[in-house]
4 protein chains.
Amino acid sequence: MPEVERSGSGAVVTVRPLRTEDLEAWRPLWRGYTSFYRADLGDELSEDTFGRLCEGGDLIGLVAVEDGGGLVGIAHLVMHASTWSTASSCYLNDLYVDPESRGGAAARALFDAVYAEARSRGADRVYWHTQQFNGAARSLYDTVGQLTSFIVYERELD
Amino acid sequence: MPEVERSGSGAVVTVRPLRTEDLEAWRPLWRGYTSFYRADLGDELSEDTFGRLCEGGDLIGLVAVEDGGGLVGIAHLVMHASTWSTASSCYLNDLYVDPESRGGAAARALFDAVYAEARSRGADRVYWHTQQFNGAARSLYDTVGQLTSFIVYERELD
Amino acid sequence: MPEVERSGSGAVVTVRPLRTEDLEAWRPLWRGYTSFYRADLGDELSEDTFGRLCEGGDLIGLVAVEDGGGLVGIAHLVMHASTWSTASSCYLNDLYVDPESRGGAAARALFDAVYAEARSRGADRVYWHTQQFNGAARSLYDTVGQLTSFIVYERELD
Amino acid sequence: MPEVERSGSGAVVTVRPLRTEDLEAWRPLWRGYTSFYRADLGDELSEDTFGRLCEGGDLIGLVAVEDGGGLVGIAHLVMHASTWSTASSCYLNDLYVDPESRGGAAARALFDAVYAEARSRGADRVYWHTQQFNGAARSLYDTVGQLTSFIVYERELD
């Protein structure tokens with residue numbers, strides 16, 4: 001993917017694909033993200049996910065990097081087929097920016113890169129889920145995406 | 001997949017995989033479904049989708065068949081990876097029951113079959129989207145699935 | 001309770017307490033109501049509930065009766081304590097009007113009677129739950145009650 | 001009730017029934033809770049409620065106690081009848097954890113104890129209300145209960 005660079009109030013942020021050597025820097029962002037949902041996915045699953053995100057298959061990992069080189073945000077994509085299009089859909093499974101880097105360029109740079117990556121993989125849309133009550137996230141999403149009328153139902157299988 | 005049979009007030013309904021020879025019977029159900037969303041996907045895309053649903057890849061087509069052999073409902077699944085699990089997720093992309101066959105066993109038989117099929121493909125969850133205001137559908141979904149707090153954002157790509 | 005009488009476009013409707021001899025007339029209304037929620041509570045539970053509604057304890061049954069004497073609606077109340085008041089709360093557990101009698105005086109007569117009954121039992125409030133998407137019911141509720149910002153979470157116990 | 005103990009990141013938390021001697025420690029938690037809803041119920045009503053919570057009738061008080069013995073959370077239950085079951089329903093009327101003790105084990109320990117207590121009193125379900133926009137609470141509730149499609153209407157009686 002072409003790198004996406006964006007500067008806002010604060011540091012310049014670059015977004016690039018996740019790499020195997022990012023594991024230690026990726027881990028606290030993943031933990032911060034999952035603990036927001038009060039989830040602990042465990043080390044084994046987390047490392048399995050990390051591995052698949054670096055592999056270049058249907059899962060795609062992107063990271064936002066600040067000037068100095070530190071990881072400040074992550075975006076994880078899932079490419080999948082759709083019955084409504086011959087093109088793929090791109091599901092933005094996870095998005096997280098370190099609390100200290102919020103309000104700057106990181107989240108928008110990640111969205112720019114997500115859209116570029118999805119396009120380059122042949123998707124005609126990107127979609128994501130957010131909790132209806134997550135005002136902080138939604139105020140951003142309203143500026144980079146479109147709210148739909150859809151809600152999510154689920155059934156866990158034994 | 002094992003066939004799922006279910007009887008309610010009315011005819012016995014069987015759910016089985018979609019087959020190539022179902023095209024003519026599938027078409028009006030697909031058209032009824034897409035026109036509910038005021039969409040017309042066109043013949044070419046519809047036939048491409050139908051073909052992929054019969055192929056046995058990531059798209060899976062299931063049909064509800066009534067006693068006499070007529071198709072009364074369809075369910076289309078998309079299998080995809082997830083960052084939260086090593087198991088797949090199963091997205092129920094489309095579900096439709098012919099208006100004349102509603103209130104009987106068809107919808108529940110389809111859900112039973114969807115869950116069985118998803119499980120047999122290694123998924124640990126099935127999820128689907130519905131318009132927040134679609135009361136008729138939600139009153140069913142409230143009995144076969146779990147409402148979540150999630151809503152859907154989207155970005156169409158040029 | 002004092003009987004509540006109300007006339008609208010159509011028949012005069014009277015609301016009175018449920019009585020043991022109403023069982024056969026109450027049953028189809030109860031069935032119509034529960035099947036709206038796609039539930040079948042079975043004969044045994046239904047008759048147990050009916051019995052408790054006639055007993056004069058914490059459960060209270062009210063019925064709307066049309067001119068000729070036929071039952072056209074039901075309201076079931078549950079009285080319970082509250083930590084926010086020394087007075088009781090009255091939960092309107094079930095409300096149903098026969099589809100053929102809707103748009104007339106029955107529903108409002110039932111609400112009038114519910115409020116009168118709750119007051120006479122020492123309650124300082126009546127509250128009820130409705131599906132967020134039940135537009136037909138909510139358009140009535142907006143005129144006889146107050147929408148709150150509260151939603152309902154639940155946990156079924158094994 | 002059996003005591004429920006739970007440890008998280010931080011102190012071990014035990015949940016036990018509210019006792020008469022807890023009044024002084026309970027009061028600031030009750031005040032913190034009611035002031036969240038911008039309510040001031042007054043001393044008289046508060047003490048009446050406290051008294052009923054200790055009595056062992058339809059109101060049940062539970063408290064979360066940290067290692068050293070301090071009260072850090074409260075849960076107040078109301079048992080009541082239902083028309084949909086011969087079993088009771090348990091309404092979780094109030095739940096509060098001291099802000100300084102949030103993010104630890106207290107809230108989950110309280111839910112564990114609420115479910116155990118409700119079960120031991122013969123309830124087949126626990127339910128509660130929360131403001132639709134209360135994200136902090138809902139992100140917890142999404143992990144310990146099920147969101148429903150129900151909203152709450154109310155009528156205050158003179």
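The values are calculated or read from the model by the stated rules, or taken from the named source; none is laboratory data. Keep in mind that this is a model prediction, so the values were computed, not measured. Here Cβ is always computed from backbone atoms with ideal geometry, including for glycine, and neighbour counts include all displayed protein chains. Only protein heavy atoms, including side chains, enter the accessible area calculation; ligands, DNA and RNA are left aside. Shrake-Rupley method; radii C 1.70, N 1.55, O 1.52, S 1.80 Å.
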* **Long-range HN-HN contacts of residue A:85 with modeled amide H, under 5 Å** => none
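Of all beta bridges DSSP finds with both residues in region D:75-129, what is the antiparallel percent, to the nearest 5?
Details: 6 of 10 bridges.
Here the antiparallel bridges make up roughly 60 percent for region D:75-129.
I need the shape label for the protein assembly as shown. Rule: rounded when a/c is under 1.5, else prolate if a/b > b/c, else oblate, with a, b, c from the alpha carbon gyration tensor. Don't jump to the answer; show the numbers that get you there.
Values: a/c = 2.17, a/b = 1.24, b/c = 1.75.
Because a/c hits 1.5 or more and a/b fails to exceed b/c, the protein assembly as shown counts as oblate.
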* Table column - 3J(HN,Hα) (Hz), region A:49-56, Karplus curve with 6.51, -1.76, 1.60, x for Gly and Pro -> 4, 4, x, 5, 5, 8, 7, x
* Calculated from DSSP H runs of 4 or more alone, at -39500 (n - 2.57) each and per residue, what is the 222 nm mean residue ellipticity of chain A, nearest 500? -> -10500 deg cm²/dmol
* Structure fact -> Any residue on another chain or 5+ positions along whose placed amide H is under 5 Å from the amide H of residue C:125 is listed here as C:90, D:157
* To do: Note down the accessible area of residue C:60, probe 1.4 Å, to the nearest 10 Å².
  => 10
* Asked: Counting only the heavy atoms of the protein chains, how much of residue C:149 is accessible to a 1.4 Å probe, in Å² to the nearest 10?
  -> 50
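For chain D, with only Lys/Arg (+1) and Asp/Glu (-1) charged at the beta-carbon, what is the dipole magnitude about the Cα centre, in debye rounded to 20?
On the way: 14 positive and 24 negative charges, 128 e Å.
The calculation lands at about 620 debye.
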* How much accessible area does residue B:66 have with a 1.4 Å probe, in Å² rounded to the nearest 10? -> 60
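Give me the one-decimal Kirkwood hydrodynamic radius in Å for chain A, with the sum taken over alpha-carbon pairs. Intermediate values should be presented prior to the final figure.
Values: mean 1/r = 0.0613 Å⁻¹.
That comes to 16.3 Å for chain A.
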* Structure fact -> Ranking C:137, C:71, C:126 by how far each Cα lies towards the positive end of the charge dipole of region C:60-158 (+1 on Lys and Arg Cβ, -1 on Asp and Glu Cβ), the top one is C:126
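Determine the relative contact order of chain B: mean sequence separation of Cα pairs under 8 Å and six or more apart, normalised by residue count, in whole percent. Could you put the intermediate results ahead of the total?
Working: 239 pairs, mean separation 36.8, N = 158.
It comes to 23 percent, rounded to a whole number.
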* Among B:142, B:94, B:112, determine the one that fluctuates most according to a GNM of chain B built with springs between C-alpha atoms less than 10 Å apart. => B:142
* To do: Would you list the P(r) distribution for region A:62-129, with all Cα-Cα distances sorted into 10 Å bins from 0 and each bin expressed as a whole %?
  => 22, 48, 23, 8, 0
* Amide proton proximity set for residue C:18, modelled H, under 5 Å, gap of 5+ -> C:61, C:62, C:63
* Asked: Per-residue HN-Hα couplings for region C:149-158, Karplus 6.51 cos²θ - 1.76 cosθ + 1.60 at θ = phi - 60°, whole Hz, x for Gly and Pro?
  -> 8, 8, 10, 10, 9, 8, 9, 7, 9, 5
* Accessible surface of chain D, 1.4 Å probe, proportion on carbon and sulfur as whole % -> 44
* Structure fact -> Taking every DSSP bridge whose two residues both lie in the protein assembly as shown, the antiparallel percent to the nearest 5 is 90
* Which listed residue (C:86, C:50, C:14) has the Cα farthest towards the positive end of the charge dipole for region C:1-118, taking +1 on Lys and Arg C-beta and -1 on Asp and Glu C-beta about the Cα centre? -> C:86
